[in-house]
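Asker: First the structure, then my questions, so here it is.
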Amino acid sequence: MSLVKEISKRRTFGIISHPDAGKTTLTEKLLLFGGAIQEAGAVKSNKIKKGATSDFMEIERQRGISVATSVLAFNYKDKKINILDTPGHKDFAEDTFRTLTAVDSVIVVIDVAKGVEEQTEKLVQVCRMRNIPMIVFINKLDREGKDAFDLLDEVEQKLGLQVTPLSFPIGMGYDFKGIYNIWEKNINLFSGDSKKNIEETIAFDNIEDPELDGIIGANAADSLRENLELVHGVYPGFDRDAYLKGELQPVFFGSALNNFGVRELLDCFIDIAPFPRPKQSEERLVKPDEETFSGFVFKIHANMDPKHRDRLAFIKIVSGTFERNTPYLHVRHNKKMKFSSPNAFFAEKKEIVDISYAGDIVGLHDTGNFKIGDTLTEGEILNFKGIPSFSPEHFRYINNADPMKAKQLMKGIDQLMDEGVAQLFTLELNGRKVIGTVGALQYEVIQYRLEHEYGAKCTYENFPVHKACWVEPENPKSEEFAEFKRVKQKFLATDKQGQLVFLADSAFSIQMTQQKYPSVKLHFSSEY
Ligand code: G4P
């Protein structure tokens, strides 16, 4: 089959939400529709319920064995759908940010009662920065929640989106009668029977039809008519171009747990969601239908079994096809590599494949050659953009607790950083190592993994840093920059890429530095 045809079948996306909004449940229902799984409960939650390390270890252990939740793929109506897992827990936000570099669109799940929550805000902001097309799914309509219009307002205000409802609820919670599908112009009545896989819908091209009163009751019918009038009056009509540009976000209502409104979401999704999009590299824009292969590493998964220390590097194919046993150029190492057993993902399983297409994800066994952001090509020098590091929230010195194992410790730190578990900064003044993380949980994870996978022991020491700022001097040879470096010497470090970073101890200090050294730009992410 032609490359173009294969690419146009692919829909690679991520589901983002605040923990507990229903991401896992929705994922599972989508897989049920694709026939990829037979029963509910097959998709393992990646949730860290109590924020406990033991929970995390257990999850990682399970993942290491099955890689179950990293990529879930299934076919639906001749489309190949790839769902990329995005951890909801805030301590793993970096992981999610990176995964968002590999998706072509996202679905945002919001709890009807809780509305827009913190983690949703952060993740949507990242999607907005990258103009990723988004569809919003308002979940748990079987429960009492916020008024639909209030919620749409909240989504617009807090998330900075421009929404257009493509479905609208009839009642809510105890009075929840069903959903009017504006996209398909039909009504789906809620029965509360989660075992029903496909609900029956009643077509209603014209909601003025008196038959509607008979079906949902005169009061509900009147209020639905009023609501829809308001929807048409207040919100712009759906415009696919605007959606694809990230300027307009369609909204669906439903209940994932009851498998209600999910089919509508999926049907609309495969119609409107983008197939693999071109990606900007430092050198040029790379289009998916180019004949030659290119791709980049967005995630590295460690095998938690100490007997098999290999890792799985996840590659998003940006252009062309990836073929088994074919030499590809590892651009950073300037070295050709061949892969005899690339993994593709299907449902909760992985299997070896001969050929994968742009939009797909392949998992490559890795013994330490890859780090996040690495590019593979057929020979061209390309470096894909858009995998920045953001300032961590926590900073600690890392010390070696077993002098006999210094080498193991360094190797462990090096590899864990390549995986993107945390960020390493080396102080300019004395070469001391500082680990920066998004959540405090990671320190325990690192300590545990260093000990169990590398046989090294470490301790931490607090290092009070407010934010890491990446430094960009207008003129590296200027007096001003030299003075900045001299005065701030104690707070300067290099990141793993060798970029200069200012570890500011307070917001005030950032402000003062900016005033005093206007030609030295401070950035809050490593890509500027
Ligand atoms: P997450 O991945 O976004 O963190 O959320 P998850 O799907 O695990 O859902 C969180 C909780 O919300 C689960 O209950 C789930 O059953 C429930 N839920 C999801 N969708 C709906 C819905 O449409 N209606 C209602 N009423 N509940 C919904 P839990 O008790 O935390 O977990 P479990 O023990 O039932 O698995």
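Asker: Which pairs do you get when a residue that is in the same structural domain as ILE187 (by the TED database) and over 21 Å from THR24 (Cα atoms), found in region 240-261, comes within reach of a residue that is assigned to a loop (DSSP other than H, G, I, E, B) and near the ligand (Cβ under 9 Å from one of its atoms), reach meaning Cβ atoms under 7 angstrom, with the pair 6+ apart or on two chains?
Answerer: Pairs that qualify, where the first residue is in the same structural domain as ILE187 (by the TED database) and over 21 Å from THR24 (Cα atoms) and the partner is assigned to a loop (DSSP other than H, G, I, E, B) and near the ligand (Cβ under 9 Å from one of its atoms): there are none.
Asker: If the requirement is being farther than 18 Å from GLY498 by Cα and of a type outside the set (S, T, N, Q), which of these qualifies: LEU429, LEU376?
Answerer: That would be LEU376, the only listed residue that is farther than 18 Å from GLY498 by Cα and of a type outside the set (S, T, N, Q).
Asker: Would you check which residues across region 249-278 are assigned to a loop (DSSP other than H, G, I, E, B), hydrophobic (A, V, I, L, M, F, W, C) and within 14 Å of the ligand (Cβ to nearest atom) and list them?
Answerer: Of everything in region 249-278, those that are assigned to a loop (DSSP other than H, G, I, E, B), hydrophobic (A, V, I, L, M, F, W, C) and within 14 Å of the ligand (Cβ to nearest atom) turn out to be ALA256, LEU257.
Asker: Test THR101 against the stated conditions and say whether it is within 16 Å of the ligand (Cβ to nearest atom), outside any strand (DSSP E or B) and either crowded, with 20+ Cβ neighbours inside 10 Å or at pLDDT 85 or above (or both).
Answerer: Here the answer is no, as THR101 does not meet what is asked.
Asker: Could you please find all residues in region 135-189 being within 15 Å of the ligand (Cβ to nearest atom) and part of a strand (DSSP E or B)?
Answerer: Listed by number, the residues that qualify are VAL136, PHE137, ILE138, ASN139, SER167, PRO169, GLY178, ILE179, ASN188.
Asker: What strands (runs of 3 or more DSSP E), lying completely within region 441-512, carry at least 1 residues that are aromatic (Phe, Trp, Tyr)?
Answerer: Here the list reads 458-462, 467-473, 500-504.
Asker: Checking GLY368 against (1) out of contact with any Cys (no Cβ under 9 Å at 6 or more places or on another chain); (2) in the same structural domain as ALA468 (by the TED database); (3) loosely packed, with under 15 Cβ neighbours inside 10 Å, which single condition isn't satisfied?
Answerer: The number of the failed condition is (2).
Asker: Tell me yes or no: at least one residue of region 48-68 is at pLDDT 55 or above, within 16 Å of the ligand (Cβ to nearest atom) and within 20 Å of the chain's Cα centre (by Cα).
Answerer: The answer is no; no qualifying residue exists.
Asker: Pick out, from region 305-377, the strands (runs of 3 or more DSSP E) lying fully within it that include 2 or more residues that are charged (D, E, K, R) and farther than 22 Å from PHE74 by Cβ.
Answerer: Filter on region 305-377 gives 335-337.
The values are calculated or read from the model by the stated rules, or taken from the named source; none is laboratory data. Everything numeric in this text was worked out from a predicted model, so none of it was measured. Note that each Cβ is placed from the backbone with ideal geometry, even for glycine, and that neighbours are counted across all protein chains shown.
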